[in-house]
Number of protein chains: 2
Amino acid sequence: MAGRAGSDRRAEILRAAADLFAARGFHGVSIDDLGRAVGTSGPALYRHFPGKEALLAAILLEVSERLAADGKERAEAWIDDPRRALEELLRGHIRFALTEPALITVHDRELDNVPEPHRRRIRRLQRGYVEQWVSVLARLRPEADPPTLRAAVHAAFGLLNSTPHSAQELAPDPMAELLLAMGRAALLAGD
Amino acid sequence: MAGRAGSDRRAEILRAAADLFAARGFHGVSIDDLGRAVGTSGPALYRHFPGKEALLAAILLEVSERLAADGKERAEAWIDDPRRALEELLRGHIRFALTEPALITVHDRELDNVPEPHRRRIRRLQRGYVEQWVSVLARLRPEADPPTLRAAVHAAFGLLNSTPHSAQELAPDPMAELLLAMGRAALLAGD
DNA sequence: CCCTGATGTTAGCGATCATTAACCGCGGAG
DNA sequence: CTCCGCGGTTAATGATCGCTAACATCAGGG
């Protein structure tokens with residue numbers, strides 16, 4: 001099945017890189033490690049990406065875009081039902097975290113290693129995603145001020161993103177239910 | 001015994017190392033960086049620690065011990081009031097996370113870089129700490145099975161430990177209150 | 001049939017890394 | 001006084017790093 005090998009290569013490299021970066025950290029993975037993970041030599045990667053940092057940037061950009069787009073879609077679909085919108089945001093994020101643990105891990109650990117041209121864009125996307133959650137939550141908790149809501153959303157992300165590290169305790173399905181219940185309760189906790 | 005002066009230096013090195021490891025990751029910090037952070041040259045550190053990995057091991061061991069000991073103390077002090085025991089566990093962990101963000105960060109990111117003799121001990125301490133929480137929580141939620149409780153505790157740690165990354169949104173005091181409310185709600189969420 | 005672009009390979013370059021070696025000032029005990 | 005060990009220095013070593021150079025293979029179109 002060598003049919004469509006060419007264009008898949010880029011995605012294959014990014015996936016392998018995300019797994020390795022998640023497991024050992026950006027600086028803990030060498031170019032040769034990355035090449036070996038896709039069955040080539042190290043320098044072969046320079047035919048697809050200009051450098052190691054570009055790999056990381058591509059991973060983070062794609063993740064940030066997916067999260068932001070998905071969040072926007074869900075929030076807008078339930079624009080008049082914030083309770084349901086929050087539920088959908090939670091489900092979407094949880095599904096992503098359980099499906100792509102490596103991406104979630106890299107996404108919230110390695111931003112500092114992305115060089116400046118791309119870092120700003122990734123930050124913007126991340127901030128937009130957070131604000132999506134904040135604006136939904138603001139309608140459910142009108143008494144809370146925005147800084148508190150932002151901190152609460154960040155804390156909830158910490159809860160949801162912890163899955164990759166604790167992983168094997170539970171099967172994906174009950175884990176999703178557990179995270180949903182905990183995330184909802186945490187975000188709606190008055191005090 | 002020259003205990004005081006020598007051990008000041010040691011503690012100073014460990015603190016600087018924790019800050020750097022938290023900010024840039026274990027592999028992102030060089031021996032020269034570590035030396036510079038305490039006003040000496042890089043190789044001077046070998047007068048106090050056998051190597052870079054030993055620095056990390058010492059940091060993680062101390063943190064794990066502090067958490068485990070503190071958790072045990074609080075849980076046993078309220079052995080007959082699990083509601084209060086959970087409250088105390090939460091407060092203790094939150095205080096630690098807010099007071100020592102670098103230690104918390106290194107503690108849950110860098111275990112894989114600790115070589116084997118010490119890693120096992122650190123893991124044992126960490127597991128003991130988790131079980132402390134689980135056993136308190138089990139009395140508050142008798143219907144839940146242990147794997148679910150363990151996963152819930154890990155998720156709660158993710159929530160509490162996210163502080164260092166979101167940090168500057170809120171002053172420490174309201175942040176502590178927010179985390180307490182969210183952690184309590186998340187852990188007690190029936191479903 | 002060759003030319004060319006895409007995608008590999010190995011060799012090598014300069015930088016940086018963790019660690020060791022060799023040396024030194026100094027404070028306090030005998 | 002002397003000696004010696006503690007805690008520092010600079011220099012050097014071998015490994016590894018990201019990346020570039022130079023070359024190879026091969027498919028397809030003219």
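Overview of values
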item: Net charge of Cβ neighbours under 13 Å - reference B:PRO82; Lys, Arg +1; Asp, Glu -1; result: +1
item: Solvent-accessible area per residue, Å², over the protein assembly as shown with all protein chains present [probe radius 1.4 Å]; result: 49
item: Cβ charges +1 (Lys, Arg) and -1 (Asp, Glu), total dipole of the protein assembly as shown, debye; result: 800
item: Accessible carbon and sulfur surface of segment A:1-188 relative to its total accessible area, %, 1.4 Å; result: 51
item: Estimated distance in nm for a label pair at B:ARG36 and A:ARG91, the labels positioned 7 Å out from Cα along Cα-to-Cβ; result: 5.1
item: Taking chain A and dividing mean pair separation by its residue count, relative contact order in percent (alpha carbons under 8 Å, at least six apart); result: 23
item: For chain B, with +1 on Lys and Arg beta carbons and -1 on Asp and Glu, the positive-most of B:VAL106, B:HIS165, B:HIS48 along the dipole; result: B:HIS48
item: Chain A: DSSP helices with Cα axial extent of at least 20 Å and average Kyte-Doolittle hydropathy no lower than -1.0; result: A:5-24, A:52-77, A:82-99, A:116-140, A:146-161, A:172-188
item: Residue mean of other protein chain beta carbons inside 10 Å, A:174-186; result: 6
item: Theoretical FRET efficiency, 1/(1+(r/R0)^6), r = Cβ-Cβ of B:ALA138 and A:ARG9, R0 35 Å, to 0.05; result: 0.10
item: Contact surface A-B: accessible area buried, both sides summed, square angstrom, 1.4 angstrom probe; result: 2400
item: Dipole-positive endmost among B:ILE94, B:ALA69, B:ALA57 within segment B:51-137 (Cβ charges, Cα centre); result: B:ALA57
item: Solvent-accessible surface (1.4 angstrom probe) belonging to A:LYS72, in square angstrom, nearest 10; result: 100
item: Cα centroid separation, segment B:1-72 to segment A:97-160 (Å); result: 31
item: Projected label distance in nm at B:LYS72 and A:TYR46, using a 7 Å step from Cα toward the beta-carbon; result: 5.5
item: Partner chain coverage, peptide A:22-33 - average Cβ within 10 angstrom; result: 3
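The values are calculated or read from the model by the stated rules, or taken from the named source; none is laboratory data. Bear in mind the structure is a predicted one, so any value in this text is a computation, not a measurement. Neighbour counts run over all protein chains shown; Cβ positions are idealised from the backbone, glycine included. Areas reflect the complete protein model, heavy atoms only, side chains present, ligands, DNA and RNA absent. Shrake-Rupley method; radii C 1.70, N 1.55, O 1.52, S 1.80 Å.
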